[in-house]
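Any read-out appearing in this document is the output of simple, stated calculations on the displayed coordinates, not a laboratory observation. Computed from a predicted structure; not experimentally measured. Counting neighbours? That spans all protein chains shown, and the Cβs are built from the backbone with ideal geometry, glycine included.
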Amino acid sequence: MRILKIFPVLIICLLAFNPDSNAQCKAFAKSKCLPELGEYTHDGNYHATVLLEGEEAELYKTFYSDMDYRMVVCNEETIGKVEFSVLDANRNLLYSNKDANNSQVWDFKLQSSQQLKIVLKVKSTGQQGMNPPSGCVAIMFGFKIKK
């Protein structure tokens, strides 16, 4: 009887997880976002997912003091520009690309090590439709190696 209760939940989870779209999104991140890091060394992590118009995603990441960082957000053209903001542990806004002409790149250096919250938001066009556009959104981090 217990298996009959768990089985529908398992099926829903399997249907929701689509490894093909995640693999395609990771490939997108490697080909389109990675070059945007320029002279910064990639941290080795690929943060990418498929988002629908109007959706938000959050990512928490630890950054260390006195290091030069570059954050790059890129996305497929099907969903337009993605807004992103960076907040500290006290929810103070450190950066918003809305205030920087929708730039998809942010170079920064922190005075103290801390965990930051990055919020990505796919803008809504306001048009109601059956199938809102979706596309891959990736965020990459790089740092400069001190010589």
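Just a few scattered comments:
- Cα gyration tensor shape for region 37-143, rounded if a/c is under 1.5, else prolate or oblate: prolate
- Full extension of the chain between Lys81 and Asp107 gives 7.5 nm of extra length, using 0.36 nm per residue less the Cα-Cα distance.
- Full extension of the chain segment joining Glu56 with Lys146 gains 28.9 nm, where the gain is 0.36 nm per residue of separation less the Cα-Cα distance.
- Label zone at Gln115, where the point sits 7 Å out along the Cα-to-Cβ direction: region 70-95 residues whose backbone N lies under 14 Å: 87-91
- Legend: ranking of residues Lys146, Lys32 from fewest to most surrounding C-beta atoms inside 10 Å; resulting order Lys146, Lys32.
- Distance distribution note for region 69-109: the fraction of Cα pairs above 16 angstrom is 38%.
- Across Lys109/Lys146; Lys30/Lys61; Lys81/Lys144; Lys61/Lys121, pairs whose alpha-carbon gap is larger than 23 Å: Lys81/Lys144
- Summing charges over neighbours of Glu83, with a neighbour being any other residue whose Cβ is under 11 Å away from its Cβ, gives +2 when K and R count +1 and D and E count -1.
- Cβ crowding within 10 Å ranks Glu53, Glu83 as Glu83, Glu53, fewest other Cβ atoms first.
- Rounded to the nearest whole angstrom, the semi-axes of the ellipsoid equivalent to region 28-76, taken from the Cα gyration tensor as √(5λ), stand at 21, 15, 8, largest first.
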